[in-house]
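Asker: Once you've had a glance at the structure underneath, I'll fire off some questions.
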Amino acid sequence: MAVGRLFIVSAPSGAGKSTVIRHLLEQDLVPAGSLELSVSHTTRLPRKGEQNGREYHFVDRADFQEMVRDDQFLEWAEVFGNLYGTSRRAVEPRLREGIDVLLEIDVEGARQVLERFPEACGVFLLPPSYQELERRLRHRALDSPQVIDRRLAVSSWEIRRYESYDYVIVNRDAAYAAQALAAAILEKRHRLSSQRDEVLEILRGFPAEECQSPQ
Ligand code: 5GP
């Protein structure tokens with residue numbers, strides 16, 4: 001069985017990454033069960049409505065740093081003063097089972113993953129404009145005004161990292177952006193180089209003696 005692939009989605013905070021990914025998974029825009037979203041670890045406090053083990057594994061700094069020392073992370077980074085990381089346990093078993101894994105991580109984490117897995121596919125989600133990004137961040141009111149200001153200040157730096165990614169999607173409409181993300185995933189899956197093992201398996205079922213051209 002072929003191993004799964006890694007897909008990375010990065011975007012500045014407020015660009016709508018989580019909504020787009022939720023859309024992708026809930027609407028089964030890729031075959032159900034073929035793609036799993038990795039649940040990261042973070043030292044950030046849970047926001048209202050977030051559940052431990054669903055949005056994130058919420059841990060304290062000491063536990064996170066112990067995991068770093070034990071080499072339990074595929075990548076980790078400090079983002080807005082909190083630590084975030086993708087554990088090997090969230091990813092490697094799925095890849096071995098042939099399931100693709102989606103990482104929703106920042107640009108620094110993406111850089112680390114691409115260094116280790118150059119064949120991973122990166123998708124960068126852009127907001128339509130700075131004004132729209134600011135409107136979304138303030139409107140959703142998930143963070144304090146100070147945190148929002150910090151996120152906006154960092155967005156100008158993050159957004160300039162788009163060239164390290166394979167695909168760019170401007171998120172004007174979440175449903176469309178989810179379709180575009182699905183298209184990128186399916187395009188990658190259906191390249192000849194990704195299909196060879198499956199094709200050879202099917203070809204083995206065709207009798208060789210009847211192998212003749214129609215002319
Ligand atoms: P938030 O606090 O809004 O959930 O996430 C803040 C930022 O951290 C987002 O850009 C998000 O993509 C990023 N992030 C979430 N999980 C991880 C992770 O495991 N590793 C890295 N490097 N960034 C992450």
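Asker: For residue 202 and residue 116, FRET efficiency with R0 = 30 Å and r from the beta-carbon atoms, rounded to 0.05?
Answerer: With a Förster radius of 30 Å, E is 0.40.
Asker: Given the -39500 (n - 2.57) contribution per DSSP H run of 4+ residues, what per-residue ellipticity at 222 nm results for the chain, rounded to the nearest 500 deg cm²/dmol?
Answerer: Computed mean residue ellipticity for the chain: -13500 deg cm²/dmol.
Asker: Could you tell me whether the stretch 51-170 comes out rounded, prolate or oblate from its Cα gyration tensor? Rule is a ≥ b ≥ c as square roots of the eigenvalues, rounded for a/c under 1.5, then prolate if a/b exceeds b/c, otherwise oblate. Intermediate values should be presented prior to the final figure.
Answerer: Details: a/c = 1.95, a/b = 1.30, b/c = 1.50.
It comes out oblate by the Cα gyration axes.
Asker: Suppose the chain between residue 52 and residue 80 were pulled fully straight at 0.36 nm per residue; how much longer would it get relative to their current alpha carbon spacing?
Answerer: 8.1 nm
Asker: Oh, and also: Quick one: net charge around residue 108, please, counting Lys, Arg +1 and Asp, Glu -1 for every other residue with C-beta under 14 Å from its C-beta.
Answerer: -2
Asker: Now, a different point. Where the centre of each part is set by its Cα atoms, how far does the stretch 2-38 sit from the stretch 105-159, in angstrom?
Answerer: After rounding, the separation between the Cα centres reads 16 Å.
Asker: Another question, then. At a Förster distance of 25 Å, what's the computed FRET efficiency of residue 96 paired with residue 63, Cβ-Cβ distance as r, to 0.05?
Answerer: 0.45
Asker: Can you sort 19, 86 by how many other beta carbons sit within 10 Å, fewest first?
Answerer: Values: 19 16, 86 26.
Least crowded to most crowded, the residues run 19, 86.
Asker: Hey, what's the Kirkwood Rh for the stretch 1-41 if you take every pair of different alpha carbons, in angstrom?
Answerer: After inverting the pairwise mean of 1/r, the radius is 11.8 Å.
Asker: Moving on. Across every pair of different alpha-carbon atoms, what Kirkwood hydrodynamic radius in Å does the stretch 109-215 reach?
Answerer: 17.7
Asker: Using only the Cα atoms of the chain, what are the Rg and Dmax in Å?
Answerer: 19.6, 73
Asker: Okay, next question. Arrange 80, 7 by Cβ neighbour counts within 10 Å, fewest through most, would you?
Answerer: 80, 7
Rule-based calculations on the coordinates, nothing more; no lab input. Quick caveat, the model's predicted, so the values are computed rather than measured. All Cβ positions, even for glycine, are placed from backbone atoms using ideal geometry, and neighbour counts span all protein chains on display.
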